[in-house]
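The structure under discussion appears below in the form of C-alpha cells.
The values are calculated or read from the model by the stated rules, or taken from the named source; none is laboratory data. Predicted model only: the values in this text are computed from it and were never measured. Cβ placement follows ideal geometry from the backbone for every residue including glycine, while neighbour counts extend to all protein chains displayed. Side chains are part of the model used for accessible areas, which takes the heavy atoms of the whole protein and leaves out ligands, DNA and RNA. Shrake-Rupley method; radii C 1.70, N 1.55, O 1.52, S 1.80 Å.
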Amino acid sequence: PVEAIMLAGIDVRTSRRCEVRPGQGASTATVWEEARKALEATSRTSGLGRYRYVIRHYERELDARGRRVVSEQSQIQRATMSSPFRSVNVETLLERGFIRPDGEGSLYFAPDADILLSDAFLDTHCMSLTSGRGEAEGLLGLSFEPTQDRGVPDISGVLWLDRQDGELQWLDYKYEFLDVPNAERLGGMVRFEGLPNGTWIVREWYIRMPILEATRRQGRRTRIRPIGIREEGSLVLSV
C-alpha cells in the first residue's frame, strides 16, 4: 500500500561527523531518499524535452550588500526545451570547479539535479541534517559541504524539504574556497516544483556573482574590493 513518508519525527542534533554518501546515518539517509526522488524526477523530465515554457529571464545589479536593486533588465522567452535550467557536464564541473577564469572575469556555475545525483558529487561532499529558520522555518534541511581535500572552488548548501510529506522545496547554495571579499554573499537558489502529472521542473533559479574593482596606490599593493553584486536568473511563468 502507498504510505506517506513522515519526516516530522526526525530530530536534528548538532554534529561534525562527515557523512559522505548518506546511508551511514539512518536519519540522513531517509531525508536524502526523499530529496533524491524529486531530483531524479526533475532529471527525467529534462530528458523528455516535451514542454513549452514561458520564462522571464533577468539580470540585476545589486548594491555591495545585495539588499538594493540598482538596475535590472528582463525579457520574456517562449520555447520548447529540455529544461529551463541546466548545468554543464558533471565530470568537468567537479574536476575544474564551480568558478573558472574567463578573460578578465570569471564564470560562475550552479548545480542542477544531475550534478547533485552524480557519484562524483556524493563522493566529495558531506551531508548532515539541519532545521530551518526564517523563510525555511518549519522545514527540514539536508545540508552538504565539500570535503577538505577539494582543490577547486566548490559549493555548500541545503536542500529544504517539507516535514509532513517529504516534498523537496528548494536548494540554497554558496561558494566555498573562494578568494573574494564578502564571499558569503555569493551563491544562489534553485526552486523545484512538481507538476500535476507527476513530472518535476525547476520553477525558479538565480546566481549571485561579485562585481569587483581593483585599485592601486603608488607603492602599495593592488586592493580588490566589492562594489556590487550581479544577479542572473529565470522564473517559469507557465509550462
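With every protein chain left in place, what is the accessible area per residue of the chain in square angstrom, probe 1.4 Å?
On the way: 13460 Å² over 239 residues.
Dividing the accessible area of the chain by its residue count gives 56 Å².
Against the main long axis of the alpha-carbon atoms of the chain, helix 26-48 sits at an angle near 80°.
Extension gain for Asp119-Ser106 works out to 2.0 nm (0.36 nm per residue, less the C-alpha to C-alpha distance).
Taking each DSSP H run with n ≥ 4 as -39500 (n - 2.57) and averaging over every residue of the chain yields -5000 deg cm²/dmol at 222 nm.
How would the stretch 74-122 be classified by its alpha-carbon gyration tensor: rounded, prolate or oblate, with rounded meaning a/c under 1.5 and the a/b versus b/c comparison settling the rest? List each step's numbers first, then the result.
On the way: a/c = 3.10, a/b = 1.20, b/c = 2.60.
Cα axes put the stretch 74-122 in the oblate bin.
When a/c is below 1.5 the answer is rounded, else prolate if a/b is larger than b/c, else oblate, so apply that to the stretch 35-101 with a ≥ b ≥ c taken from the square roots of the Cα gyration tensor eigenvalues. Taking the square roots of the gyration eigenvalues as a ≥ b ≥ c, the stretch 35-101 is oblate.
Where (i) 18.2; (ii) 19.3; (iii) 20.6 are the candidate values, the label of the one calculated here for Kirkwood radius over Cα pairs in Å is (ii). Prolate is the label for the stretch 86-195, because a/c, from the alpha-carbon gyration tensor with a ≥ b ≥ c as root eigenvalues, is 1.5 or above and a/b exceeds b/c.
What's the longest piece of the chain with no exposed GluC sites (Glu not before Pro), counting a site as exposed if DSSP puts it in a loop and it has at most 10 other beta carbons within 10 Å?
Numbers: sites that count: Glu3, Glu104, Glu137.
After excluding every exposed loop site, the longest remaining stretch is 138-239.
Excluding Met209 itself, what net charge comes from residues whose Cβ is under 9 Å from its Cβ, given Lys and Arg +1 and Asp and Glu -1? Please list the in-between numbers first.
Values: positive: Arg208, Arg230; negative: Glu231, Glu232.
Summing Lys/Arg as +1 and Asp/Glu as -1 gives 0.
Ignoring ligands, DNA and RNA, what percent of the accessible area of the chain is carbon or sulfur (1.4 Å)? Heavy-atom surface of the chain belonging to carbon and sulfur, 1.4 Å probe: 43 percent.
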